[in-house]
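The values are calculated or read from the model by the stated rules, or taken from the named source; none is laboratory data. Keep in mind that what you see is a predicted model, and the values were worked out from it rather than measured. Counting neighbours? That spans all protein chains shown, and the Cβs are built from the backbone with ideal geometry, glycine included. Accessible surface areas use protein heavy atoms only, side chains included; no ligands, DNA or RNA. Shrake-Rupley method; radii C 1.70, N 1.55, O 1.52, S 1.80 Å.
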Amino acid sequence: MVVSNILNTENSEEGDEFFAEVTGDVIGDKGVIIPKGTVAHGSIKQTSEAKRLGRDGYIDLSFDYLVTPDGREIPIEGKMSTKLHPIK
């Protein structure tokens, strides 16, 4: 996935929306389950800025629906956090 805007603890606030595009087909046992070009919609649930002594900040994200290239809107439930698995 590629996020369409920059998400960080300095410029992003809780409740901000974002979109991310799937850059390659997601394949399952029965073929393509999420086609390339699908757009995921999400929002920022929580942020924490970097702390003293070099401790990193984090962002918690929530995904709520996908829009496929043919226009179908599919509700989903998904979460991601940089707290447990830092993205560098």
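Below, the figures for the structure above:
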item	result
Among (1) surrounded by fewer than 11 Cβ atoms within 10 Å (Cβ to Cβ); (2) at pLDDT 80 or above, the one test that residue 81 misses	(1)
Filtered residue count, segment 3-30, keeping only those that are open to solvent by less than 60 Å² (accessible area, probe 1.4 Å) and either within 13 Å of the chain's Cα centre (by Cα) or under 17 Å from residue 60 (Cβ atoms) (or both)	9
Only one of 33, 44, 87 that is open to solvent by 100 Å² or more (accessible area, probe 1.4 Å), aliphatic (A, V, I, L, M), assigned to a strand (DSSP E or B) and modelled with pLDDT under 95	33
Hits in segment 36-81 - residues which are among the basic types (Lys, Arg) and over 14 Å from the mean Cα position of the chain (by Cα)	36, 51, 52, 55, 72
Selection within segment 47-64 - open to solvent by less than 40 Å² (accessible area, probe 1.4 Å) and either in contact (Cβ under 8 Å) with a residue 60 or more places away in the chain or within 13 Å of residue 17 (Cβ to Cβ) (or both)	61, 62, 63
Selection from segment 22-62 of residues that are closer than 12 Å to residue 79 by Cα and aromatic (Phe, Trp, Tyr)	none
